[in-house]
Amino acid sequence: MSQLPPVEYPGTISVIETPDDAVRALDDIRRYDVVGFDTETKPSFRKGQVNKVSLIQISTGAHCYLFRLNKIGFMPILQEFMQDASFTKVGLSLKDDFMVLNRLAPFAPAGFVDLQKAVRSYEIADMSLQKVYAIIFGERISKSQRLTNWEAPELTVPQQIYASIDAWACLRIWRHLCDGRFNPAESAYRVVLPDESPEEQP
């Protein structure tokens with residue numbers, strides 16, 4: 001995977017740090033039927049310490065909104081959006097996101113698609129976003145910013161791009177699969193199982 005070309009984020013980014021900005025951002029997000037979703041949490045280097053979610057990322061494809069929960073909190077309108085089944089929200093490893101968000105405020109998530117489950121029907125066994133994206137698009141998502149401080153006074157440009165790519169990539173994968181543009185049999189990363197000879201592959 002290290003030999004693959006890096007992903008270049010093509011969209012625009014808005015960092016949401018006030019309640020008024022959050023309201024306006026969600027008004028725009030609600031114009032879309034499907035969005036990408038992810039979260040970031042300040043890393044903990046102390047055993048047993050678990051930090052709160054610092055950031056929620058929501059991508060419409062062309063635009064990604066970064067909601068800084070450490071500044072605006074897990075606002076009721078964000079909770080309502082998370083529970084709104086009329087919108088499809090695509091993420092990966094969502095169980096972990098829901099668990100830590102529930103520590104901020106209890107909510108019942110609805111309308112979510114977890115790519116870890118969705119990709120199984122496409123013969124993709126790898127569960128990380130980095131590997132799934134590489135298999136489908138042949139590009140590498142950098143993880144260099146993952147352990148940076150997501151509660152810093154200002155998010156750096158590399159942090160903003162990293163966070164945006166994760167939510168955008170979830171949405172791009174989902175759209176690609178739904179459009180029928182990925183054929184496992186044609187993938188360069190397809191693994192031949194022990195009981196399947198090359199001649200038996202479709």
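The values are calculated or read from the model by the stated rules, or taken from the named source; none is laboratory data. The structure displayed is predicted, hence computed values, not measured ones. Note: ideal-geometry Cβ built from the backbone for every residue, glycine included; neighbour counts use all protein chains shown. When the accessible area is computed, the model is the full protein with side chains, heavy atoms only, and any ligands, DNA or RNA have been set aside. Shrake-Rupley method; radii C 1.70, N 1.55, O 1.52, S 1.80 Å.
Name the pairs whose Cβ atoms lie under 6 Å apart, with the first residue in segment 66-92 and aromatic (Phe, Trp, Tyr), the second part of a strand (DSSP E or B), and 6 or more positions between them or separate chains?
Correct list of pairs: Phe67/Ile16; Phe67/Ile56.
Can you tell which of Glu154, Glu123, Glu196 is modelled with pLDDT under 95 and exposed (fewer than 14 other Cβ atoms within 10 Å of the Cβ)?
So the residue among Glu154, Glu123, Glu196 that is modelled with pLDDT under 95 and exposed (fewer than 14 other Cβ atoms within 10 Å of the Cβ) is Glu196.
Return the only residue of Cys170, Cys178 being open to solvent by 50 Å² or more (accessible area, probe 1.4 Å), under 25 Å from Arg30 (Cα atoms) and not charged (D, E, K, R).
One residue alone meets the criteria, Cys178.
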